[in-house]
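Engineer: My structure is below; once you've seen it, I'll send some questions.
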Amino acid sequence: MFPSEPGVRAVARELYATVKDAPIVSPHGHTDPSWFARNETFGNATELLLRPDHYLFRMLYSQGVALEDLGIGPAKATYDPRKAWRILA
């Protein structure tokens with residue numbers, strides 16, 4: 001998938017060579033990179049999978065689930081993570 005123009009291809013190959021062995025860092029990830037740096041445990045699956053993933057909570061919202069029940073928005077302090085996980089399940 002390198003460009004076909006030889007000069008651009010050479011630069012692309014050089015750039016690739018400098019990063020090919022680096023870990024994948026996705027700018028579209030649904031996780032905070034600091035989670036991996038700190039390597040801390042999570043209190044529950046909702047905090048790890050549901051709340052950070054806007055695709056999941058927007059899909060549930062489109063089906064009539066209140067965002068507050070998922071811990072999204074200003075009322076997140078009052079939500080029940082087990083209830084939110086059951087809604088997803």
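The values are calculated or read from the model by the stated rules, or taken from the named source; none is laboratory data. These numbers were taken from a predicted model, which means no experiment stands behind them. Ideal geometry is used to build each Cβ from the backbone, glycine not excepted, and the neighbour counts take in all protein chains shown. Side chains are part of the model used for accessible areas, which takes the heavy atoms of the whole protein and leaves out ligands, DNA and RNA. Shrake-Rupley method; radii C 1.70, N 1.55, O 1.52, S 1.80 Å.
Engineer: For A45 and V65, calculate 0.36 nm times their separation in residues minus their Cα-Cα distance, and state this gained length in nm to one decimal. Could the numbers behind the result be given before it?
Structural biologist: On the way: separation 20, 0.36 × 20 = 7.20 nm, distance 1.82 nm.
Additional length available on full extension: 5.4 nm.
Engineer: Sticking with this one: Sort I87, I24 by accessible area with a 1.4 Å probe, largest first.
Structural biologist: Result of the area sort, largest leading: I24, I87.
Engineer: Full extension from V11 to R86: what is 0.36 nm times the residue separation minus their Cα-Cα distance, to one decimal in nm?
Structural biologist: Numbers: separation 75, 0.36 × 75 = 27.00 nm, distance 5.01 nm.
This chain segment gains 22.0 nm when fully extended.
Engineer: Further question on the same structure: What are the ³J(HN,Hα) couplings of the range 19-25, residue after residue, when phi is run through the Karplus curve with 6.51, -1.76, 1.60 and θ = phi - 60°? Round to Hz, x for glycine and proline.
Structural biologist: Once rounded to whole Hz, the list reads 10, 4, 9, 7, x, 6, 10.
Engineer: Note down the net charge around A89, summing +1 for each Lys or Arg and -1 for each Asp or Glu among other residues with Cβ under 13 Å from its Cβ.
Structural biologist: The answer is +3.
Engineer: Let me ask another. If I compute Cα Rg over 2.2 N^0.38 Å from the structure I just sent, which labelled value in [x] 1.63; [y] 2.00; [z] 1.56 lines up?
Structural biologist: Structure-derived value, by its label: [x].
Engineer: Spelling out what I want: for every residue of the range 59-71, take phi, set θ = phi - 60°, compute 6.51 cos²θ - 1.76 cosθ + 1.60 (Karplus), and round to whole Hz; glycine and proline get x.
Structural biologist: Listing the rounded values in order: 5, 5, 4, 5, 9, x, 7, 5, 4, 4, 5, 9, x Hz.
Engineer: While we're here: Using only helices, what value at 222 nm comes out for the chain when you add -39,500 (n - 2.57) per DSSP H run of length 4 or more and divide by the total residues, to the nearest 500 deg cm²/dmol?
Structural biologist: Numbers: 4 runs with 37 residues, N = 89.
Per the formula, -12000 deg cm²/dmol.
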